[in-house]
Number of protein chains: 2
Amino acid sequence: MPDYTAPTKDMAYVLHDVLKVQDRDIPGYADLEPDFTTAILDEAAKIASDVLAPLNAVGDQEGCTLENGVVRTPKGFRDAFEQVKEGGWTGLDMPEEYGGQNLPYVMGLALTEMLSAANQAFAMYQGLTHGAAAAILAHGTEAQKQTYLPDMISCNWTGTMNLTESHCGTDLGLMRTKAVPQDDGSYRISGEKIFISSGEHDMAENIIHLVLAKIPGGPDGIKGVSLFIVPKFLVKDDGNVGERNGVACGSIEEKMGIHGNSTCVMNYDEAQGWLLGEEHKGMRAMFTMMNEARIGVGIQGLAQADVAYQNALTYAKERLQGRAVTGTENPEGPADPLIVHPDIRRALMDQKSFVEGGRAFVLWGATLIDQAHRAKDADADGLISLMTPVIKGFLTDQGYDMTVLAQQIYGGHGYIEEHGMSQFTRDARIAMIYEGANGVQALDLVGRKLAQDGGKHVMAFFEMVKSFIKDNAEVEGMEPILTPLKQASKELQSAGMFFMQEGMKNPNAALSGSYDFMHMMGHVCLGLMWARMARASLDALANGTSDPDFHKTKLATARYYMARRLPATTMHLARIQSGADPVMGLAADQF
Amino acid sequence: MPDYTAPTKDMAYVLHDVLKVQDRDIPGYADLEPDFTTAILDEAAKIASDVLAPLNAVGDQEGCTLENGVVRTPKGFRDAFEQVKEGGWTGLDMPEEYGGQNLPYVMGLALTEMLSAANQAFAMYQGLTHGAAAAILAHGTEAQKQTYLPDMISCNWTGTMNLTESHCGTDLGLMRTKAVPQDDGSYRISGEKIFISSGEHDMAENIIHLVLAKIPGGPDGIKGVSLFIVPKFLVKDDGNVGERNGVACGSIEEKMGIHGNSTCVMNYDEAQGWLLGEEHKGMRAMFTMMNEARIGVGIQGLAQADVAYQNALTYAKERLQGRAVTGTENPEGPADPLIVHPDIRRALMDQKSFVEGGRAFVLWGATLIDQAHRAKDADADGLISLMTPVIKGFLTDQGYDMTVLAQQIYGGHGYIEEHGMSQFTRDARIAMIYEGANGVQALDLVGRKLAQDGGKHVMAFFEMVKSFIKDNAEVEGMEPILTPLKQASKELQSAGMFFMQEGMKNPNAALSGSYDFMHMMGHVCLGLMWARMARASLDALANGTSDPDFHKTKLATARYYMARRLPATTMHLARIQSGADPVMGLAADQF
């Protein structure tokens, strides 16, 4: 059985040594002193490692079952969910007036990483509830907030998002689910939604579905889509649950992974719903939830990579196989541990440098969100809007690859289900697909976000990298970090330039390279994060830290990322600059 | 349910237009006229597509069950196996004197691709039998050949290979299974072997296990390992099966994929066995089987990529989602098919260019084997020995990635089991692990094969690329193909040079880059194959082929590979040239 140790020490390092949250001028950040954040992280670590992680394999093996309309979650999930509720974890970063603790979003994201790493299928019940609550918070009327938020924030009720129909996922303009207005101001929702995570289960008193549907007579396509609140049980005036609404789970899907989460076909049969936000502006409201969900999914990629890496590392230290080529290292034993072999090291360093770099990346992204929301900083809002598809697409693609690398270290023992390494890859696989498949993230990045506000945000990012390099050019020890970062950043700019020049003439020239650009940008972001970590650790060492080994390890890992991961940008640039012709060279019927 | 169409047309193209097998001076090749090979490929295609493919999902869902020592294969497997037997497919390239048809190995490999693509779990029962028969053919006494080969070549009996024990996979010197010599010249084998594919099942009258074990008193480690023939039922003097031997399946593994193949723990309890080959030279004999198995596993990567690609292509043409950015292409429909989108094209072209390039690569490799074995050509033998780890490692890594890409095209529909795309990735995953995990292939390539015979074979390969470029430099249309190939080949040589210079001083400097080198070399090999295909198709077009569209498609795909896949070599070279320091920078306890 795999173990999970929550990376509280590394999180504290990123928060305090690198991002220096305690010094930031963002409302609520003044509280984020190391003692305070550590206390929270340690509590979160306990529930993740002690309560959720032991149920991860159980969830995979048992899965969810549907009988007479009732979905049963795997053994132990209900009790664990009670503990999550009791801890008030969903409300960590929610407003106090609805029962939350009003901590910054960055703390909520640290929690999300731990819960996802410990048990992704389980964490989704809680995570989607948080997302649905955030959408109601942003777009609901005060009455709606009063009605739904306290019970959602306590996880007494859970939430879902209902977008996909069998014939449309990405292209939601094709949807058929209808919402017919009623005299009392409510709507009657009818249609079938598929792939609804946490759609039905036995862990909450009520389930609040956020459902996209079309009001008849509205505009065609995506412009005629509205968002509705459709509770499983109607809520009575006193706030208690009343009669059952016309929504039911029709079936649950057999999937490659995340078996512990119920992925439901949801049937709406004149279910009563209430408009959330404005008519026909459903996508805008849904994107509040979706953007949060995309970052949460990016973290899932990172989280699965981390837990897989942790176990691969243990195995590489314990499993004896072969001898080091440079001379026996374990003369007492029948063989040396796997970790002596350079190719095993390569695989471990790939994982370690990704996980720690990715963690810094998302926590930095979370501070941008706090800055945008709490300090009303439009530039921060633009920058995180640019980064969201990168966080989602890059971290889930790479995170998946890392789970595959971790599994590989186990050899045949990684392929059998006994050791749990297969589950990490099977669970991580979904993160590349849901909340917008990664190709759609790349399209969002290159087709929309790059040019947003006249390209202001991507220019700001380039400037940020440039300033960092300039400001640190004289710092001893930074040169081997900064030189590759500079090169990679230049290549990223060249790719952007290519899109601007060629994309004008032929949009396919830009879109043929969108996926490569997303990965390039991810590498440059992680490169910047590693440069910032290198600087923070050099400072710590210069200031006589009590834990020099931790910081030396950071520096060695930073050098690894620069030397071995960042060169990917050169390949991506070459691919991008080959333009549309190779990609679009065949007619569809020539395939 | 996914479909599989055997690529007989593409195989005939590679055999006759590209490799020109009909003109080769290799014993048996004179028969390989297009009419003849096409007739065989078409028959093989029927059994693959009509008999095996429909059982692929069945095998995945049902898996194998063990009850009272008896393993039951999934419904339909037994009947299908009878049909494979009746067709005499296992004997296609086996000697006539033992019931085979004595065709060249290249034809056997074409068959292997089809069977693996249609149903990998099923094909393994037949494939391992072929491999075990090949080992007996190469190392057995005449009496052993007479006893075992006819029934194995007919698949009346099947074969297995028993290497792994729970504490040792790669490092077989640690093995504990014992073989105690008896007065009658046989041995008594005792021990436990794990991960034994096709170890026990209900489709054959007998199972012939080839088992590695140590004869007490022999040399320590790998030098004391011998290979034994251990039949499930002892064979009587009249050739019929007699009493049960002391070997039994203890349990079967729950795995990520290939559920239709029984992966067994095999318990040997004083089982009677007979030495195959010489005492303590077991690894040499096993490698006859292993080398064949490695190529067969490389083909599995290719085969799963092909079948996944075929289904992704169909889906991309049928699924309507979004509109082409350059203008509506399907005005009658509610949306355009996925295939209009550049990023979907990228994913399809990645797959297509890999599958067709990989197919040419393995079929070329098969002609080297025929040349080595049938024409006793030591240079061909050396070259295929160099290529074997590349075929295995590169084709299975990339093949797996391609199944992931294919699955991605289905979006959420790729993650649920209903459409079968998940199975392709889960089945393909094992190919990166068994028959030597891919890290071991890279080690074999860089640590042994590069320097073999004084580096003669890798030099011959470089020379082959160079000559091809030189010979085709003036051919119109070849320039955009040759320029990137030249660059990639130069980079590969630079990597080899780096290993020679730095590896002398520090073997870790070479081994830290071994995985990158394996991938670089794979890309250059596929690049060379695409260059050869481009030339063949240019010739066909110049000669007024009746199927110009086929050849134009080949040329466009060749250009894609060169423009979009080959630039990976630049990245790999940069990683390699960073040497051992980044990889080995941390002490084990610093992780």
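The values are calculated or read from the model by the stated rules, or taken from the named source; none is laboratory data. Fair warning: this is a prediction, and the values are worked out from it, not measured in the lab. Counting neighbours? That spans all protein chains shown, and the Cβs are built from the backbone with ideal geometry, glycine included. These accessible areas exclude ligands, DNA and RNA; they are computed on the full protein's heavy atoms, side chains included. Shrake-Rupley method; radii C 1.70, N 1.55, O 1.52, S 1.80 Å.
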Phi angles of region A:309-320, converted by Karplus (6.51 cos²θ - 1.76 cosθ + 1.60, θ = phi - 60°) into ³J(HN,Hα) in whole Hz with x for Gly and Pro, give 4, 4, 6, 5, 5, 4, 4, 5, 7, 9, 6, 9
Where a ≥ b ≥ c are root eigenvalues of the Cα gyration tensor, a/c under 1.5 meaning rounded, otherwise prolate if a/b exceeds b/c and oblate otherwise, region B:117-190 counts as oblate
For residue A:317, inter-copy label-point distances (7 Å, Cα→Cβ), nm, shortest first, read 5.4
Residue A:330 and residue A:5 label points (each 7 Å along its Cα→Cβ direction) are spaced in nm at 1.8 nm
quick note, chain B, DSSP beta bridge pairs, % antiparallel (nearest 5) is 80 percent
Residue by residue through region A:35-50, the couplings from Karplus 6.51 cos²θ - 1.76 cosθ + 1.60 with θ = phi - 60°, in Hz, x for Gly and Pro, are 4, 5, 5, 5, 4, 5, 4, 5, 5, 4, 4, 5, 5, 5, 6, 8
Interface call, region B:498-524: threshold 40 Å², probe 1.4 Å, accessible heavy-atom surface of protein chains, chain by itself vs complex, result B:508, B:511, B:515
Taking a crude spin-label model, label points 7 Å out from Cα along the C-beta direction, the residue B:31 to residue A:459 distance in nm is 7.3 nm
Those GluC sites (Glu not before Pro) from region A:220-271 that are DSSP loop and have at most 16 other Cβ neighbours within 10 Å turn out to be A:254
So residue A:82 and residue A:61, fully extended at 0.36 nm per residue minus their Cα-Cα distance, gain in nm 5.4 nm
Largest-first ranking of A:581, A:397 by accessible area, probe 1.4 Å, whole protein assembly kept, is A:581, A:397
Region B:100-136 and region B:553-591 have their Cα centres apart by a whole-number Å value of 33 Å
The helix A:105-118 Cα axis meets the longest alpha-carbon principal axis of chain A at an angle in degrees, between 0 and 90 and rounded to 10, of 80 degrees
Mean accessible area per residue over the protein assembly as shown (1.4 angstrom probe, all protein chains present, square angstrom) is 35 Å²
So, over other residues within a Cβ distance under 14 Å of residue B:237, counting Lys, Arg +1 and Asp, Glu -1, the net charge is -2
Expressed as a whole number, the average count of other chain Cβ atoms within 10 Å around the Cβ atoms of A:423-430 is 3
On protein heavy atoms with a 1.4 Å probe, the accessible surface that disappears when B meets A, both sides summed and given to 100 Å², is 7400 Å²
Honestly region A:157-280 on the Cα gyration tensor test (a ≥ b ≥ c root eigenvalues; a/c under 1.5 rounded, otherwise a/b vs b/c for prolate or oblate) is just oblate
Buried by partner chains in region B:549-591 (accessible area down by at least 50 Å² vs chain alone, 1.4 Å probe, heavy atoms, protein only) are B:564, B:571, B:575, B:582, B:583, B:584, B:586, B:588, B:590, B:591
Rounded to whole angstrom, the alpha-carbon centroid of region B:416-477 lies from that of region B:365-400 at a distance of 9 Å
Taking r as the C-beta separation of residue B:279 and residue A:318 and R0 as 35 Å, the FRET efficiency to the nearest 0.05 is 0.55
Note on region A:343-362: residues buried by at least 30 Å² of accessible area once partner chains are added (vs chain on its own, 1.4 Å probe) come out as A:343, A:345, A:346, A:349
Relative contact order in percent for chain A (Cα pairs under 8 Å, 6+ apart) equals 13 percent
Env charge @ residue A:545, Cβ radius under 12 Å, K,R +1 / D,E -1, value -2
Expected response for nearest chain A Cβ to the A-B rotation axis, distance in whole Å, is A:571, 2
Taking placed amide H atoms and a strict 5 Å upper bound, the residues 5 or more places from residue B:235 or on another chain that come that close are B:242
The answer for the net charge of residues other than residue B:226 whose Cβ lies under 11 angstrom from its Cβ, with Lys and Arg +1 and Asp and Glu -1, is +3
With a 1.4 angstrom probe the carbon and sulfur portion of accessible area for chain B, in percent, totals 49 percent
Counting other chain Cβ atoms within 10 Å of each Cβ in B:163-174 and taking the mean gives 4
At the level of C-alpha centres, the distance separating region B:506-537 and region B:59-77, in angstrom, is 40 Å
The FRET efficiency for residue A:448 and residue A:222, from their Cβ-Cβ distance with R0 = 22 Å and rounded to 0.05, is 0.95
From DSSP H assignment alone, runs of 4+ in the protein assembly as shown each adding -39500 (n - 2.57), the sum over residues rounded to the nearest 500 puts [θ] at 222 nm at -17500 deg cm²/dmol
